[in-house]
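Undergrad: So that we are looking at the same thing, I have put the structure below in structure tokens.
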Amino acid sequence: MAAIIILALVILIPLIWFIATYNILVRLRNFCRESWSGIDTELKRRYDLIPNLVQTVKGYASHERATLESVVEARNRAVASHGTPSEQAKDENALVGSLKSLFAVVERYPDLKASQHFLKLQQELANTEDRIQAARRFYNANVRDLNTRIEVVPSNIVAGLFGFQKEEYFEIESAVERITPGVNL
């Protein structure tokens, strides 16, 4: 009787561990997917704000056509980007760069800087950027947890058996872009 109990424990304990490890990996993968959708939501909010911002600036600075077109083009590329996080990050970085150029143009137009509509749009964009950063941190934390679980022994055995893949971080490419731009009004 004792031999049957020991045999059952020898079989059940690894089986329970195996099932628990698989469930943890599934949960972490779903956390990554959910947090990525949070980034998508915030990016869409940014994409929706940018045309209004461009139209407002266009009314004051119509001869700044190249800068305005650059922002619109970068926005359209970012909206169309649905690849890996690193591919999307590249398009997002281009969009942020073009927005910096737009805000540099705004500095030359005191009437625009005083416009309540522009100020409201600028504040909404700043709030959206903060929300994007929070969503990015949440996503990257989930990616870190999943990737760690996939790489460490013994859960890497279960991950390998069921084809769990490491996720990519959503990162800013260069150290210059990591610095928050200052906008003086």
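Undergrad: Give the number of residues within the stretch 135-156 that are touching a residue at least 60 places away in the same chain (Cβ under 8 Å) and assigned to a loop (DSSP other than H, G, I, E, B).
TA: 1
Undergrad: Moving on to the next point. Quick check, is residue 40 without any contact (Cβ under 8 Å) to a residue 40 or more places away in the chain, surrounded by 15 or more Cβ atoms within 10 Å (Cβ to Cβ), within 30 Å of residue 168 (Cβ to Cβ) and within 22 Å of the chain's Cα centre (by Cα)?
TA: No: the conditions fail for residue 40.
Undergrad: Related question: Mind checking whether some residue in the stretch 160-167 is modelled with pLDDT under 95, more than 17 Å from residue 36 (Cα to Cα) and touching a helix residue (DSSP H, G or I) at 6+ places or on another chain (Cβ under 9 Å)?
TA: No - not one qualifying residue is present in the stretch 160-167.
Undergrad: Residue under question is residue 56, and the condition is that it be of a type in the set (S, T, N, Q), more than 25 Å from residue 126 (Cβ to Cβ) and out of contact with any strand residue (DSSP E or B) (no Cβ under 7 Å at 6 or more places or on another chain); does it hold?
TA: It is false that residue 56 is of a type in the set (S, T, N, Q), more than 25 Å from residue 126 (Cβ to Cβ) and out of contact with any strand residue (DSSP E or B) (no Cβ under 7 Å at 6 or more places or on another chain).
Undergrad: Is it true that residue 16 is of a type outside the set (Phe, Trp, Tyr), in a helix (DSSP H, G or I), modelled with pLDDT of 95 or more and more than 28 Å from residue 140 (Cα to Cα)?
TA: Taking the combined requirement at face value, the residue satisfies it.
Undergrad: Restricting attention to the stretch 41-51, does a residue exist that is within 30 Å of residue 150 (Cβ to Cβ) and of a type in the set (D, E, K, R)?
TA: Yes.
The values are calculated or read from the model by the stated rules, or taken from the named source; none is laboratory data. Everything numeric in this text was worked out from a predicted model, so none of it was measured. Here the Cβ is made from the backbone with ideal geometry for all residues, glycine too, and neighbour counts use every protein chain on show.
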